[in-house]
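To start, the structure under review is shown below, and the notes come after it.
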């Protein structure tokens, strides 16, 4: 396994994302820096991006990618945590027919039992301690919310959404329901079908989802020292992170500066 890259890991149920990172760390050596790009709840399964070595510096870029989930909702019952690990109360209120499924941009308040940090502590830790608090709403976007199957009081959904979306909250907002099963199948271009705990994608391969700006020797030298470099107008107008490369490979990740006239290296990847 390469010691600087991204591992596509298919997380099983009943373990935390931290547990998965610890497993990978043990397999490569305890001294290697590791992390992940987006928590999965213990009951959930599916794709977790485990970051090794210099790849840990890519966390914010990978966490910003859209996500795809397969979710099973159980209707006629509610859960204190929005999932099967909470206290379940049976209401018997099971809807029939088609439901109005949310799509587009919206405001969402993260679940009290989420991993959002509040004052340095996870929300779920505060909730379990009985602390009274309220999480701020955030803007999210649901690109696709499709019902795949309906059997009795269970409905199975395909959900494509922006980073920061809480599927448990989407399900709870449908009525008396909680998220009984949740599986993350994609993160941006990465698919759980390609998960392999024994292989790490090199940085060059892991970052191919970013637009590439190829530099000649002198701009490449400047970019390697963190100096802004010129770029095509279309690249600057897109206002998204790009990877700067030259004949020797990756140099840095850059973003358009506020004037939209230059690309400013924000993360050096050489050496």
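In this label model, residue 125 and residue 239 are separated by 3.6 nm, measuring between points 7 Å along each Cα→Cβ vector.
Regarding the range 67-184, what is the average projected area of its C-alpha convex hull, in nm²?
On the way: hull surface 29.0 nm².
The orientation-averaged projected area of the Cα hull of the range 67-184 comes to 7.3 nm².
Modelled this way, with points 7 Å down the Cα-to-C-beta line, the labels at residue 154 and residue 54 are 4.6 nm from one another.
Computed log10 I(q)/I(0) for the range 140-271 at 0.12, 0.16, 0.20 Å⁻¹: -0.67, -0.88, -1.09, from the Debye equation with unit scatterers placed on every C-alpha and solvent omitted.
Taking one quarter of the surface of the C-alpha convex hull of the range 213-271 gives a mean projected area of 3.4 nm². The fraction of Cα-Cα pairs per 5 angstrom bin, counted from 0 for the chain, comes to 1, 6, 11, 14, 15, 14, 13, 10, 7, 4, 3, 1, 0, 0 percent, rounded to whole percents. Neighbour counting of Cβ atoms within 10 Å sorts the residues 75, 209, 43, fewest neighbours leading, into 209, 43, 75. Remark: spin-label model distance residue 266-residue 169 equals 2.3 nm, labels positioned 7 Å along the Cα→Cβ axis. Given their separation in residues at 0.36 nm each and the Cα-Cα distance between them, residue 101 and residue 63 gain 11.2 nm when the chain is fully extended.
Taken along its three principal axes, the alpha carbon spread of the range 135-217 comes to 62, 33, 23 Å, from the longest extent down to the shortest.
Set the Förster radius R0 to 45 Å, insert the Cβ-Cβ distance between residue 259 and residue 90 as r into 1/(1 + (r/R0)^6), and round the FRET efficiency to 0.05. List each step's numbers first, then the result.
Details: r = 59 Å, r/R0 = 1.31.
It comes out at approximately 0.15.
FYI, it's all coordinate maths here, none of it is from the lab. Predicted, not measured: the structure shown is a model, and the values here were computed from it. Positions of Cβ are backbone-derived with ideal geometry, glycine not excepted, and every protein chain shown enters the neighbour counts.
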